[in-house]
1. Which Cys in the chain stand alone, with every other cysteine's Cβ at 4.7 Å or more from theirs?
2. For labels at Asp27 and Arg103 in the simple 7 Å Cα→Cβ model, what's the distance in nm?
3. Angle between the Cα long axis of helix 46-64 and the longest principal axis of the chain, 0 to 90 degrees, nearest 10?
4. What range in the chain is the longest one free of GluC sites (Glu not before Pro) that are in a loop by DSSP and have at most 10 other Cβ atoms within 10 angstrom?
5. If you place +1 on the Cβ of every Lys and Arg and -1 on the Cβ of every Asp and Glu, how big does the dipole about the Cα centre of the chain come out, in debye to the nearest 20?
6. Can you give the calculated 222 nm mean residue ellipticity of the chain, where each DSSP H run of n ≥ 4 adds -39,500 (n - 2.57) and the sum is split over every residue, rounded to the nearest 500 deg cm²/dmol?
7. Please report the Cα spread of region 52-193 along all three principal axes, rounded to whole Å, starting with the longest.
8. Please work out how many pairs of lysine residues in region 52-193 are eight or more positions apart (or on different chains) and have Cα atoms closer than 12 angstrom.
Amino acid sequence: MAEVDARADRRSEGIVINDDWPGYSLDLFSYPAHYSGDLDCVIVPHGVIMDRTERLARNIMDDLGDHDIVVLCVLKGGYQFCADLVERIKALSRNSNHTIPMRVHFIRLRSYLNDQSTEDLHILGAEDLSFLAGKNVLIVEGIVGTGKTMETLLEHVKAFKPKMIKVAGLLVKRVQHSLASVPDYVGFEIPNRFVVGYALDYNEYFRDLNHICIISESGKKKYKV
Ligand code: HPA
Ligand code: MG
């Protein structure tokens, strides 16, 4: 039984990347030359993101696949994960004997300046979400830190009375004092470091990097505002 429980836990926390893991050397992968010197290492290569996303899509379909789904993509950091996740959900739906209607809606949140979370959280494109009433909602986020952003968003979405709300987060940071609300579907649990790539930015840079990488100190200086 203990073994089964451990496996269930692992499924909910995602692939765990430990604090002492040094990451992959950048020399082992290709990445845009304009970012040379701006990164310390690769912590999740693009191919691994894709493989993990495929499995998350299956878990999501197992849980939500018998109802209409409204995907709420949290911009901008969630766009790549959302696009790839939706592709995989579509593929699974195509190959099953009943396909499910899926809507994709975009909302925009912004709370980071440089590598710091700011207090004022803006939600754009979420003014009228009344079409969520009675629907299964899947919120798709690129990264969850303290969970404060997610908590605010969940409160906002709940007010529109959806039938069910699930959250998929590609990355969850191991932060102290993090709130209880963690995503239902987690790609990777990562150290509390600032990461970029796969649509995650530092002041709008690095969205054009495929791998998830740790930004270097000189990279932070170079793109600081
Ligand atoms: N990288 C990019 N955006 C973020 C991060 C991060 O580590 N944490 C919260 N937003
Ligand atoms: Mg950002």
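1. Among the cysteines of the chain, those whose Cβ sits 4.7 Å or more from every other are Cys41, Cys213.
2. Distance between label points: 5.3 nm.
3. 20 degrees
4. Working: sites that count: Glu127, Glu204.
Within the chain, the longest run free of exposed GluC sites (Glu not before Pro) spans 1-126.
5. Numbers: 27 positive and 31 negative charges, 92 e Å.
Using Cβ point charges on Lys, Arg, Asp and Glu, the chain gives about 440 debye.
6. Result for the chain: -9000 deg cm²/dmol, rounded to the nearest 500.
7. Largest to smallest, the principal-axis extents are 46, 32, 24 Å.
8. Details: Lys135/Lys158; Lys135/Lys161; Lys135/Lys163; Lys135/Lys166; Lys158/Lys166.
Count of close lysine pairs: 5.
Bear in mind these aren't lab numbers, they're just calculated from the coordinates by the rules spelled out. Remember, predicted model here, so these are calculated numbers, not experimental data. Because the Cβ atoms are built from the backbone with ideal geometry, glycine has one as well, and the counts that use them run over all protein chains shown.
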